[in-house]
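To start, the structure itself, in structure tokens.
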Ligand SMILES: [Zn+2]
């Protein structure tokens, strides 16, 4: 009898174990990659609330891909002089409306940062202050407010026109941009200081933005190195806007190149150049792109085709790769549009001829985009 009872007990145990194994396999042990993100999120929340739980639990969860960061960069934007006349006549929308309504949709849409070099100051009421100079730019804050409709939320101010309205103009620009809730970096030409760098946060990523200008004065290399390396050690990505180079010259020079390499050696990830009023070439140094000049974006230099062509750079940053999209632009009386089809092809071929890049990137650039894998 005792023998029979032990036998039944063993069979019962085997059945229970089999059921447990079956239930575990059927309901809990499916591969981790297919666990819906929502469930993972809840697991993480529960995990945080339970201090006694195994700390290695997090490490076993599949890695959730971060949301990509999307950035759009333009060259020089100047809203005074003849551009100002166009704005008075047709409004700010006149400048952007062709880009905002391309056949593929709104060119400005879907970016976390839309940025340009702002070639001039944002004074109260757009006033010009003494002394008057032959090239002397000031913009009304209302004009900058209207650029927000197109997504503009960051301006690089480090350029040779930042001091056009003196110290008063510089202070008012910063105050006005603060009031408009627009980010910016940059000190006067040749100066490097606290105003050169800023950290902004996008999709849980810290982005270090720096701006320098070396048009009439030399930059102190140690100071530049300090600003960039500080940003590099405290952020996920460092982008440097720099105003430099010879006007109307498509080929970048050795001084620009030396400075660019110094900035990348200090920890920058992307360099966006401007000032030459025409597009300059690209270089990829230590796996980091240098766009030596994006040329004019909005300007009133109607005297040549080259000063009415520019380049916009779209950047998409994900965990494993950075994608760079090249958008050649042309403008007519300061109204900007995309260069398309065979004209785009011939522009990109010109861009390649001004660049210092290997054949792999050359082939990619011909297609209007290139990828840098991390
Ligand atoms: Zn300039």
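Read the figures in this text as sums done on the coordinates, not as results from a lab. As the structure is a computational prediction, the values presented were derived from the model and not from experiment. Note that we place each Cβ from the backbone using ideal geometry, even for glycine, and neighbour counts take in every protein chain shown.
Sorting check: for 140-149, 333-342, 78-87, which peptide has the highest mean count of neighbouring beta carbons within 10 Å, and how do the rest follow?
Numbers: 140-149: 17.7, 333-342: 15.8, 78-87: 19.9.
Listed from highest to lowest mean packing, they are 78-87, 140-149, 333-342.
Relative contact order (percent) for the range 71-373, with alpha-carbon contacts under 8 angstrom and 6 or more residues of separation?
Values: 707 pairs, mean separation 49.2, N = 303.
For the range 71-373, the relative contact order is 16 percent.
Residues in the range 91-118, backbone N under 18 Å from the label point at residue 325 (7 Å along the Cα-to-beta-carbon vector): list them, ranges by number please.
Within reach of a label on residue 325: 97-116.
Please report the relative contact order for the range 88-199, taking Cα pairs under 8 Å with a sequence separation of at least 6, and give it as a percent rounded to a whole number. Don't jump to the answer; show the numbers that get you there.
On the way: 174 pairs, mean separation 29.1, N = 112.
After rounding, I find 26 percent.
By average Cβ neighbour count within 10 Å, what is the ranking of 263-275, 282-294 from highest down?
Going by the mean number of other Cβ atoms within 10 Å, highest first, we get 263-275, 282-294.
When ranked by the protection proxy of mean other Cβ atoms within 10 Å per residue, highest first, what sequence do the peptides 152-161, 363-372 form?
In descending order of packing, they fall as 152-161, 363-372.
If each of residue 362 and residue 4 carries a label point 7 Å out from its Cα toward its Cβ, how far apart are those two points in nm?
Modelled inter-label distance: 9.3 nm.
Could you tell me how far the Cα centroid of the range 136-187 sits from the Cα centroid of the range 244-284, in Å?
23
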